[in-house]
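For reference, the structure discussed in these notes is given below.
The values are calculated or read from the model by the stated rules, or taken from the named source; none is laboratory data. The structure presented is a predicted model; accordingly, all values stated were derived computationally and were not measured. Methodologically, a virtual Cβ is constructed for each residue, glycine included, from the backbone with ideal geometry; neighbour enumeration extends over all protein chains shown.
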Amino acid sequence: MNEVLSFVEQGLKDLSISRTSIKWGIPFPGNPDHVIYVWMDALTNYISALGFGSSDDAKFQKYWPAEHLIGKDIVRFHAVYWPAFLMAAGLELPKRVIGHGFWLRHQQKISKSLGNVVRPYNIIQDFGADALRYYVMREMVFGQDQDYSDEALLFRYNADLANDLGNTLSRAVKMSDQYFGGKTPPVPCDDNDLLLMTQRVVPEYLSAMDDLAFQRALDAAWKLLISINGYIVSREPWKKFKENGADETLSKIIWNALEAQRIIWVMMAPFMPASTTEALKRLGADPKAIDRKALQWGGLKTNAPVHVTDPIFPRIDIETYLGGTKKMSESGPPIETTQAAPPDLARISIDQFMEIDLRVAEIRAAEKVEKSKKLMKLSVFDGEKERTLVAGIATKYTPEELVGRKVVIVANLQPATLMGVESNGMVLAASIGGEPSLISVDPSVPAGTKVK
């Protein structure tokens, strides 16, 4: 520390600046409008807090050099001046300096003066810290700026957490509980499609995490999640149970679905630690096994207790929430999903079905929703008027191939706002391996025709 102080003292003498003037700032040579202030005190805190310069520098010896994670507006201080101080003192430089982007609100930097502040404690109170962490990491490309919106947060929560992640967990655990007496299946499997997908996805995830590409890491995890849904739908375990009971084939199917989810939740641990602990307990897995070794196939024990309980991420009634009452509910506005629930889990009466207004509509315009990979904004003619629909089909269809197509819509759903666009209805589509496939209608059928 004495060497650093001597370096700064000599600089002050060269500039003919008294030490007492530091509190007012030091005019930068050649550019008096630029003022140097608190750089020395603030930056040396990184090492003085570790005991550098004191009689006990054990922490400094252990933790330095370290990596700096900072906002992009202070990169210059950490990548120019701080290394200069360290070099002058003969100390090691930081391993790496990483600058992250800003969160924006309505394309403006969030600041108290503008009054566009997002209060994280309010979000945490309503959705939990894990949900907020997930949104932040999934929505922002690390290093770049990203615009925050309540609609985007709610959509991510319902579509990704409640539907994709939460429903898949609940369904698989419920089937294991029902078919195998409240335990994980007795027969594991080491030769299946989900194992192959895991071997492909895990290296992608680890590589992305090493690169701090958190959005890409979560995308990799979702590839496996989509595969699990497709695997369950294609094998129809509920039918196999009815036909043959809890035999070896069914055991392997359910065990594979649970094991693949165990690996997904290990991937989620850095993003959603509390939810990961809970999910692993429900799956019958060890909640403490969340290291890289736990990403290998085969970690789920057989005949371990599973736990069926309330949804880990309850769905949010978006319209009610944005209206100010913040109601949490199991039902809500239509959100496109990759899920396909087993037919014996829920039944409706014929009267309930007849209340659904299904009709043919013609797509007259289509465009992708900005900042969304899945959503497509459609303008459709329903036989009476044109209406706007938002559908999660952008990964499968381009706007050009949609225009002029006849589809089936649910015409009497309450409006829902998705990514800032109001959707008045839902387009019907099948889900094959997580990819949407539109329900097609003969081109000769007029728009507005009822579907029964």
For ARG216, which of the numbered conditions (1) under 20 Å from the mean Cα position of the chain (by Cα); (2) crowded, with 23+ Cβ neighbours inside 10 Å fails to hold? (2)
Of the residues GLY166, GLY99, GLY128, which single one is at positive phi and buried (at least 16 other Cβ atoms within 10 Å of the Cβ)? GLY128
Picking from SER275, SER234, SER227, SER251, the residue that is hydroxyl-bearing (Ser, Thr, Tyr), within 15 Å of SER176 (Cα to Cα) and assigned by TED's automatic domain parsing to the domain that holds ALA289 would be SER251
Only one residue in PRO436, PRO443 is assigned to a loop (DSSP other than H, G, I, E, B) and either modelled with pLDDT of 80 or more or buried (at least 19 other Cβ atoms within 10 Å of the Cβ) (or both), so which one is that? PRO443
Pick out, from segment 221-298, the helices (runs of 4 or more DSSP H) lying fully within it that include 3 or more residues that are under 15 Å from GLY166 (Cα atoms), in contact with a Pro (Cβ under 8 Å, 6 or more places away or on another chain) and hydrophobic (A, V, I, L, M, F, W, C). none
Of the residues ALA246, ALA257, only one is within 14 Å of THR168 (Cα to Cα) and small (Gly, Ala, Ser); which? ALA257
Scan of segment 256-304 for residues that are closer than 19 Å to LEU195 by Cα, within 21 Å of the chain's Cα centre (by Cα) and either surrounded by fewer than 18 Cβ atoms within 10 Å (Cβ to Cβ) or free of Cβ contacts under 8 Å to residues at least 12 places away in the same chain (or both), ordered by number: ASP291, ARG292
Working only within segment 401-430, note down all residues that are of a type in the set (Gly, Ala, Ser), in a strand (DSSP E or B) and either over 24 Å from GLU139 (Cβ atoms) or touching an Asp or Glu at 6+ places or on another chain (Cβ under 9 Å) (or both). ALA416, ALA429, ALA430
Only unsatisfied item for VAL173, checking (1) within 30 Å of THR320 (Cβ to Cβ); (2) assigned by TED's automatic domain parsing to the domain that holds ILE318; (3) free of Cβ contacts under 8 Å to residues at least 12 places away in the same chain; (4) of a type in the set (A, V, I, L, M, F, W, C), is (3)
